[in-house]
Amino acid sequence: MTRSHLSRRNLLQVASALTWAGLAPAALAQSNWPNRPLKVIVPQPPGGGFDFVARALADRLSKQIGQPVVVENRPGSGTLVGTDLAAKAAADGYTLLMGSVSNIALNMGLYDKLSYDSLRDFEPVGLAVSYSYTLMARKDLPLNTLQDVVAYARANPGKLSYASAGNGSGQHVLAAALWHTAGVQLVHVPYRGAQAAYQDLLGGRVDLFFDLSSTARVQVLAGTVKALAVSGAERNPMHPQVPTIIESGAAQLDLESWFGYFLPSKTPTDVQQRLQAELAKVIAQPELQEVFRKAGGKPLALNQEQTRARVRGDVERWSRLVREIGIKVE
């Protein structure tokens, strides 16, 4: 064998060794995932729907993968602060986002210069549960159905008012979409959170309020408000006597707020697939599904293709409708 052949072979061996040395840390990190705690960023304060679902999933996922899954609440600017933080996190499978229709779909239409793109920057891990909204009226409002409300509002533009938990919140967008689709004008009264909205609804200072059915149930069962309609495609088992918006004939509109985990889209494919598989096992647990049902939710059983399709469909549908209505949050 000539010296030139030896030199060439040695060079190839050295180059190969250097290549593998450069890849080894990343490959090793992926193959050993998870080897440290995971973090779930919740872009809302403790105590709400985001937080409840995030912690229910985190507790069970931790047992499934053998590593702590820590929930970190990062509220601010609606859901922008936490969601942006997750979008910019290292794409290594150790930082997840609690995603919902609010921060994944609605924000895409509410902001002209959003710091993230839901479809480009995030990959869904899995959607666990969805909640409908219930339209409530103050107890003494002399209107007993959504049809009555629409008819009165059409004859009396601007005479009825509706509360929300803030500009751009799910309660605001859903109500605005309903009135826009029905072709009527109502006055929007934004509050800082749902609790303040309830105080004025119960006090008779505002006429109507949409809220998650799981939260609204307490007031509906107590008889302190009147339930007029639910926003899901089907009636809610918690109050099956209440018709859907579509059944009322007021508008061809339905919305359920789903909740699930998302990852930065550049996370290695093998880590994504492992996490998707592990979370799917958690979501399928009958005990967890019963927890969600008791809280007024509808457990979801979607494969990855169905999950992506639902997320993409809601992002496209609701961002377009929000822009059409002209709702803006600055």
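A simple charge model with +1 on the Cβ of Lys and Arg, -1 on the Cβ of Asp and Glu and nothing else charged puts the dipole of the chain at about 740 debye relative to its Cα centre. Annotation: extensible slack from Asn156 through Arg55 equals 31.8 nm (criterion: 0.36 nm per residue apart, minus Cα-Cα distance).
Converting phi to 3J(HN,Hα) with the Karplus coefficients 6.51, -1.76 and 1.60 and the offset θ = phi - 60°, the stretch 100-114 yields 8, 4, 4, 8, 8, 9, 5, 4, 5, x, 7, 10, 6, 10, 6 Hz in sequence order, with x at every glycine or proline.
Scanning residues 5 or more positions from Val40 or on other chains, those with amide H under 5 Å from its amide H are Val70, Val71, Glu72, Leu96, with H placed 1.01 Å from N in the peptide plane. Positive-end ranking of Val220, Tyr152, Gly93 along the dipole of the stretch 93-228, with charges on Cβ about the Cα centre, is headed by Tyr152.
Helical content alone sets the calculated 222 nm signal of the chain at -14500 deg cm²/dmol, taking -39,500 (n - 2.57) per DSSP H segment of four or more residues and averaging over every residue. Roughly speaking, what % of Cα-Cα pairs in the stretch 189-325 are separated by over 21 Å, rounded to a whole number? Result for the distance tail: 58 percent.
Between Glu234 and Ala90, the contour length at 0.36 nm per residue exceeds the Cα-Cα span by 47.9 nm. Model label points for His188 and Val81, set 7 angstrom from Cα along the Cα-to-Cβ axis, are 2.3 nm apart. Coupling constants for the stretch 248-260 follow from the phi torsions by the Karplus curve (6.51 cos²θ - 1.76 cosθ + 1.60, θ = phi - 60°), and in residue order they are 5, x, 6, 6, 8, 9, 8, 8, 10, 8, 8, 9, x Hz; glycine and proline get x.
When a 1.4 Å probe is rolled over the protein heavy atoms, the share of accessible surface on the chain that falls to carbon and sulfur comes to 53 percent.
When only alpha carbons are used to place a centre, the stretch 211-236 and the stretch 35-95 end up 28 Å from one another. Given the alternatives (i) 6, 24, 30, 20, 10, 5, 3, 2, 1, 0, 0; (ii) 6, 26, 34, 24, 9, 1, 0; (iii) 5, 22, 25, 19, 14, 9, 4, 1, 0, P(r) over Cα pairs in 10 Å bins from 0, in percent as computed for this entry is given by (i).
Straight-distance candidates among the lysines for linking to Lys298, with alpha-carbon spacing under 18 Å and chain neighbours fewer than 8 residues away dropped: Lys281.
Accessible area per residue for the chain, computed on protein heavy atoms with a 1.4 Å probe, is 47 Å².
Within a straight-line Cα-Cα reach of under 18 Å, Lys113 can be paired with the following aspartates and glutamates, leaving aside sequence neighbours fewer than 8 residues apart in one chain: Asp84, Asp121, Glu316, Glu324, Glu330.
Using C-alpha pairs under 8 Å with a sequence gap of at least 6, the mean separation divided by the residue count of the chain gives a relative contact order of 25 percent. Pairs spanning more than 20 Å between alpha-carbon atoms, out of Lys39/Lys63; Lys39/Lys88; Lys266/Lys328; Lys139/Lys159: Lys266/Lys328. Helices in the chain that qualify as membrane-span-like (whole DSSP H runs, Cα extent of at least 20 Å along the helix axis, mean Kyte-Doolittle hydropathy of -0.5 or higher) are 3-31, 49-65, 269-283.
Across the options Asn167, Leu119, Val129, the greatest Cα extent toward the positive end of the charge dipole of the chain (unit charges at beta carbon of Lys, Arg, Asp, Glu) belongs to Leu119.
Can you sort Glu247, Glu72, Glu278, Glu290 by 1.4 Å-probe accessible area, starting with the largest?
Ranking Glu247, Glu72, Glu278, Glu290 by accessible area, largest first, yields Glu247, Glu290, Glu72, Glu278.
Calculated FRET efficiency, Gln252 to Gln67, Cβ-Cβ distance, R0 = 35 Å: about 0.15 to the nearest 0.05.
The values are calculated or read from the model by the stated rules, or taken from the named source; none is laboratory data. Just so you know, these numbers come straight off a predicted model, no measurement behind them. Positions of Cβ are backbone-derived with ideal geometry, glycine not excepted, and every protein chain shown enters the neighbour counts. These area figures cover heavy atoms from the full protein model, side chains too; ligands, DNA and RNA do not enter into them. Shrake-Rupley method; radii C 1.70, N 1.55, O 1.52, S 1.80 Å.
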